[in-house]
């Protein structure tokens, strides 16, 4: 959204608590996007916390705390990315024997809840909140509910994309880097090998671009 507004002529400042853009992606992908944003004039304040908002004249003034210091950012409009919160408190799931954790309904690797007769999928289980991930979870849940053999949820090759320009896309979990607690890694039971290749070596990618 910020990039879109910038391309329409607005002066845009992006402030977020994460240490970098796209904190769940590879650091190299974040660096590429940060350079692109800088070229387009977007002001990115990573690792910043908004501590105060006020109106002053016709402007909105945001006070940011970053790197031990405070600064102010002024603008005509404010867009807040509040995220999503799962709300199942009114469903009475405890009466059905369905456990609920801080991220939502608790399921095992087969999408089964604590009640073996109930399965769950989608945003309510608090895992990967993508439309296609919900479809994959639903297919797995239905299969496990109706068929005698069980299929485990496996996200190792699940694709996703962030529609910035340039786009960021991945089809496996990012590597865990030392000192980078925002990324995830596959479990020790399912090791993976990773490699980095320069863009010019990807012929199909060059053709697509």
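Take the residues in region 11-38 that are touching a residue at least 40 places away in the same chain (Cβ under 8 Å) and more than 19 Å from the chain's Cα centre (by Cα); name whichever of them is surrounded by the fewest Cβ atoms within 10 Å (Cβ to Cβ). Top of the filtered list is 11. Does residue 180 count as modelled with pLDDT under 90, within 30 Å of residue 15 (Cβ to Cβ) and surrounded by 12 or more Cβ atoms within 10 Å (Cβ to Cβ)? Here the answer is yes, as residue 180 does meet what is asked.
Please work out which one of (1) surrounded by 13 or more Cβ atoms within 10 Å (Cβ to Cβ); (2) in contact with a helix residue (DSSP H, G or I) (Cβ under 7 Å, 6 or more places away or on another chain); (3) not in a strand (DSSP E or B) is the condition residue 41 fails and give its number. Going through (1) surrounded by 13 or more Cβ atoms within 10 Å (Cβ to Cβ); (2) in contact with a helix residue (DSSP H, G or I) (Cβ under 7 Å, 6 or more places away or on another chain); (3) not in a strand (DSSP E or B) one by one, residue 41 breaks only (1).
The values are calculated or read from the model by the stated rules, or taken from the named source; none is laboratory data. For clarity, every value in this text was computed on a predicted model and none was experimentally measured. Positions of Cβ are generated from backbone atoms using ideal geometry, with glycine treated the same way; all protein chains shown enter the neighbour counts.
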